[in-house]
Amino acid sequence: VPEDQADKLLLANWGLPTAVLEKYRSLGVVQMFEWQAECLMLGHVLEGKNLVYSAPTSAGKTLVAELLILKRVLETRKKALLILPFVSVAKEKKCYLQ
């Protein structure tokens, strides 16, 4: 992330609703890793273009997907389908995405 865009690491600077930010804060998430912000700033990803990325287990891949989905749903007022690989992950996401 370029120095002049370091503020993009903070979730509060992505235009998310207060309720969403509070939920992430309650989970201990207030900022992203640099690679996560870079993913969100690539090309036209925020306008709905595709993104393929890879990271080790527990590196934070799901946060990138969640933020992309949340931003698109809030901006377009359309529904989204989130497919997760494990029932345990799906149950966890269901609890806090509600």
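The values are calculated or read from the model by the stated rules, or taken from the named source; none is laboratory data. Fair warning: this is a prediction, and the values are worked out from it, not measured in the lab. Positions of Cβ are generated from backbone atoms using ideal geometry, with glycine treated the same way; all protein chains shown enter the neighbour counts. Each accessible area value is taken on the protein alone, full model and side chains, heavy atoms only, with ligands, DNA and RNA left out. Shrake-Rupley method; radii C 1.70, N 1.55, O 1.52, S 1.80 Å.
Brief remarks on what is shown
- Charging the Cβ of each Asp and Glu at -1 and of each Lys and Arg at +1, and nothing else, the dipole of the chain about its Cα centre rounds to 660 debye.
- Angstrom value of the Kirkwood radius, inverse mean 1/r, which spans all Cα pairs in region 30-84: 11.9
- Extension gain (nm, one decimal) between Ala12 and Lys61, 0.36 nm per residue minus Cα-Cα: 15.8 nm
- The chain: most fluctuating residue of Val64, Val52, Val73 per GNM, C-alpha cutoff 10 Å: Val52
- Computed from the Cα positions only, the extents of the chain along the three principal axes stand at 39, 32, 28 Å, in decreasing order.
- Qualifying chymotrypsin sites (Phe, Trp or Tyr not before Pro) for the chain [loop in DSSP, other Cβ within 10 Å: at most 11]: Phe86
- Each other residue within a Cβ distance under 14 Å of Cys95 adds +1 if Lys or Arg and -1 if Asp or Glu, for a net charge of +2.
- In this view, the solvent-accessible surface of Ser58, computed with a 1.4 Å probe and all protein chains in place, comes to about 120 Å².
- Partners for Lys61 among lysines (Cα-Cα distance below 19 Å; same-chain residues under 8 apart left out): Lys8, Lys23, Lys49, Lys71, Lys91, Lys93, Lys94
- Options Ala19, Leu74, Phe86, ranked by Cα towards positive dipole end of the chain, top entry (Cβ charges): Phe86
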